[in-house]
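Engineer: Before anything else, here's the structure in question.
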Amino acid sequence: FYLFFVAVLNIFIDAGLVSLQNVDNQPLTINAISTNDVPIVPTMDRAMKSPVHANTSICYPVVGCFDNNAPFTNAAFEIPQSPEFIDTQFLLFTQETPTNPEFLFYNGNDKSIVDSNLNSSRWLRIIVHGFINNRDSIWIKPLKDELLTLKDNELSDVLVMDWGNGAKAPLYANAASNTRLVGKQLGLLLKKIHEMKGFSYDKIHCIGHSLGAHTCGTASNVVDNQLARISGLDPAGPYFEGTTSVVRLDQTDAKFVDVIHTNTEIALGMGLGLKDQSGHVDFYVNGGQHQPGCPSMTSLFGSLLGGQSEAMVEQTSCSHARAHGYFTESINSQCPYVAFPCDNYDNFSNGKCFTCPASGCAQMGFHSIYSLGRGDMYLTTKSVSPFCGYHHSIELTIAHDMPKTSGEIYVAIHSNYEMLANVSMTSKSNADIQAGDVFRRIFSYNADMGNVDYAIVYFNKGKS
């Protein structure tokens, strides 16, 4: 519990979003010292090992040298840990070996590539995990299995990248820095696959969650950004928000980059995911900050104060993890995950962007490359799996003889005495409501609702 708390708190402290105070209400300083021209970075990581100075570099065999000079000052001046410590492994699952992986090596063992079942006529889909994950993380196998079911022009083999030793809690700054090294390792492997198996970069698709999304970007940089596609599943935000495109995933990293944003804010204006537009198309699901069905901040702090560490882990990562859940579901789903272009989520949820323009809407997830829409896209989902739903619009007009009040309005939609949906029409629990107001909302449902028999309007009066 302590380690996970430190890992989460570290992110907020390093970003300057949390200040600590002692019982006398005086600021607490954690290794926040400096020498003449060489700063020592104040982070919770520093409490566990020696400080890292700026203008530091390190070189490793095969992968080369790394420094913490600009622009790579983002991860609290950390430099990547050694390849021996991280011990990155590449597990290949093919149509011939869907359950028993072959191990590929980027550094010397060319036979592993030459003798593998890699087939240049098929796609190579790469799965890259993020912080506190490894190849055994619960979401990896379902995604791998779904990708292996693809047929015809999408027929695929899957490469799972495991850099779990370099992504362990509580040292998030190290993990963020390590993406540079493990991304280089992946890029070198892809270069060998291209050279030894005649594999076209046009058939390589890197799918990365959290820190894994930035790792995909770095890997593509190694092969001159020639990868066909990168799918960023809620790319990590801390240490990457607002940085230059050299540091983080962006649309120049591959021929097509699609990004799913699900957790851009937990509290204090910060989340585990990146808010910045990062791809040719960016999907801000349910606004991109918090996902329906995931615990609220009230629940999170309740678990923290109650010492419920497992609940805290689940609650903190729930919205962040939805990104790979949505992507996995999208591969073989009959529901299309349609998303609409809009200026912002408020306008979308208020029904102001409920049509597809000439430039087109977009289909979130695996099939996004085939839809026309580009830029920022918005959609809603359901709160439980299957998450995909069909969008519906509802409009409510307040009667002209209604006195001015405040509160929250819900509309329950029924068919055959069964409630199909319960839609909040107001954006907050204490919204101003007066005669003639028109409220519109977009919501998701399993399919076409068919005939709606009746609707019940509920009103909860707000605090005066």
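The values are calculated or read from the model by the stated rules, or taken from the named source; none is laboratory data. This structure is a prediction, so every number in the text was calculated from the model and none was measured. Positions of Cβ are generated from backbone atoms using ideal geometry, with glycine treated the same way; all protein chains shown enter the neighbour counts.
Engineer: Out of T244, T252, I need the residue that is hydroxyl-bearing (S, T, Y) and at pLDDT 95 or above. Which one?
Structural biologist: T252
Engineer: Restricting the search to the stretch 406-445, which residues are in a loop (DSSP other than H, G, I, E, B) and either touching a Phe, Trp or Tyr at 6+ places or on another chain (Cβ under 7 Å) or surrounded by 16 or more Cβ atoms within 10 Å (Cβ to Cβ) (or both)?
Structural biologist: M425, T426, D437 - these are the residues of the stretch 406-445 that are in a loop (DSSP other than H, G, I, E, B) and either touching a Phe, Trp or Tyr at 6+ places or on another chain (Cβ under 7 Å) or surrounded by 16 or more Cβ atoms within 10 Å (Cβ to Cβ) (or both).
Engineer: Would you mention how many residues in the stretch 208-237 are in a helix (DSSP H, G or I) and among the hydrophobic types (A, V, I, L, M, F, W, C)?
Structural biologist: Count: 5.
Engineer: Quick test of your reading of the structure: G450 fulfils all but one of (1) under 30 Å from T149 (Cβ atoms); (2) small (G, A, S); (3) touching a strand residue (DSSP E or B) at 6+ places or on another chain (Cβ under 7 Å). Name the failing condition by number.
Structural biologist: (1)
Engineer: Exactly one of (1) among the hydrophobic types (A, V, I, L, M, F, W, C); (2) under 28 Å from K461 (Cα atoms); (3) surrounded by 17 or more Cβ atoms within 10 Å (Cβ to Cβ) is unmet by C335. Its number?
Structural biologist: Tallying (1) among the hydrophobic types (A, V, I, L, M, F, W, C); (2) under 28 Å from K461 (Cα atoms); (3) surrounded by 17 or more Cβ atoms within 10 Å (Cβ to Cβ), C335 fails exactly one: (2).
Engineer: Could you tell me whether the stretch 124-142 includes any residue that is over 19 Å from the mean Cα position of the chain (by Cα), within 23 Å of T218 (Cα to Cα), buried (at least 20 other Cβ atoms within 10 Å of the Cβ) and in the same structural domain as L249 (by TED's automatic domain parsing)?
Structural biologist: There is at least one residue in the stretch 124-142 that is over 19 Å from the mean Cα position of the chain (by Cα), within 23 Å of T218 (Cα to Cα), buried (at least 20 other Cβ atoms within 10 Å of the Cβ) and in the same structural domain as L249 (by TED's automatic domain parsing).
Engineer: Answer with yes or no whether A169 is at pLDDT below 95, among the hydrophobic types (A, V, I, L, M, F, W, C) and assigned by TED's automatic domain parsing to the domain that holds N332.
Structural biologist: yes
Engineer: Starting from the stretch 150-165, keep only residues that are within 22 Å of Q185 (Cβ to Cβ), then list their pairs with residues that are in a strand (DSSP E or B) and among the β-branched types (V, I, T) whose Cβ atoms are within a distance under 6 Å, requiring at least 6 positions of separation or different chains.
Structural biologist: From residues that are within 22 Å of Q185 (Cβ to Cβ), the pairs are L159/I126; V160/I127; M161/V128.
Engineer: Give, as residue ranges, the strands (runs of 3 or more DSSP E) completely inside the stretch 279-393 that count at least 2 residues that are modelled with pLDDT of 90 or more and among the aromatic types (F, W, Y).
Structural biologist: 281-285
Engineer: Within the bounds of the stretch 434-452, is there any residue that is among the basic types (K, R), in contact (Cβ under 8 Å) with a residue 60 or more places away in the chain, out of contact with any Lys or Arg (no Cβ under 8 Å at 6 or more places or on another chain) and under 19 Å from V338 (Cβ atoms)?
Structural biologist: Yes: the stretch 434-452 contains one or more residues that are among the basic types (K, R), in contact (Cβ under 8 Å) with a residue 60 or more places away in the chain, out of contact with any Lys or Arg (no Cβ under 8 Å at 6 or more places or on another chain) and under 19 Å from V338 (Cβ atoms).
Engineer: Specify which of the listed residues (N100, N31) is more than 18 Å from K184 (Cα to Cα), at pLDDT 95 or above and touching a strand residue (DSSP E or B) at 6+ places or on another chain (Cβ under 9 Å).
Structural biologist: Matching residue, one of N100, N31: N100.
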